[in-house]
């Protein structure tokens, strides 16, 4: 009777392991193959012939460092935590505010130099709010940027943040959209014969700010690819 109760208890408490996903099976295979001394080229060739895509094979091999060691050495993976969300959220928010209101102020100066009459806002009113937000957001952005840069120099592993990567790619996407819009607007005005100096100057300001932000964050994307 006691043996039956023990068997019943074991069966009642047994929980089968959850089936592995295709990605987990692939990474597990790569880990075992590398641990058995197979070269990366051999592993990649076997997986490609088995039907895995080049991107899947690259990501699976990229999960392990190419260093001499008896077993496969895993690379650190991107992670996120509340602190990252706060730090990078403030960093990118203040960058957006600084870029937007810098453009706003430069637009106001251009409209002051090339007025269109009653269609323009009063100069003092248009400058006041933009200047206030720029004075507040730009110093905070520079301080946060200095802090993040110092942290990354001291510990490069902190650059592996999902929040940072997602916000960086979002920023690059927005900048690319702005640059495409500026180019399309210039061509549209040119084809319509209505290209004015005022419009050109505003396009230069908008494109210059978007291009500067794009160039500022492009190195982090290249570092991410190099680390992959």
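Any read-out appearing in this document is the output of simple, stated calculations on the displayed coordinates, not a laboratory observation. Keep in mind the model is a prediction, meaning the values are calculated, not measured. Note that each Cβ is placed from the backbone with ideal geometry, even for glycine, and that neighbours are counted across all protein chains shown.
The table below gives the values:
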{"quantity": "Alpha carbon Rg of the range 153-228, scaled by the compact-globule rule 2.2 N^0.38 Å", "calculated": "1.47"}
{"quantity": "Estimated distance in nm for a label pair at residue 67 and residue 218, the labels positioned 7 Å out from Cα along Cα-to-Cβ", "calculated": "3.2"}
{"quantity": "Mean Cα-pair separation over length for the range 82-227, i.e. relative contact order, pairs under 8 Å, 6 or more apart, %", "calculated": "32"}
{"quantity": "Whole-angstrom gap from the range 17-69 to the range 129-164, using each part's C-alpha centre", "calculated": "37"}
{"quantity": "Neighbour-count order for 95, 127, fewest beta carbons within 10 angstrom listed first", "calculated": "127, 95"}
{"quantity": "Cut-off 13 Å (backbone N to label point 7 Å along Cα→Cβ of residue 162), residues of the range 46-78", "calculated": "77-78"}
{"quantity": "Potential lengthening between residue 146 and residue 127 on full extension [0.36 nm per residue; Cα-Cα distance subtracted]", "calculated": "4.0 nm"}
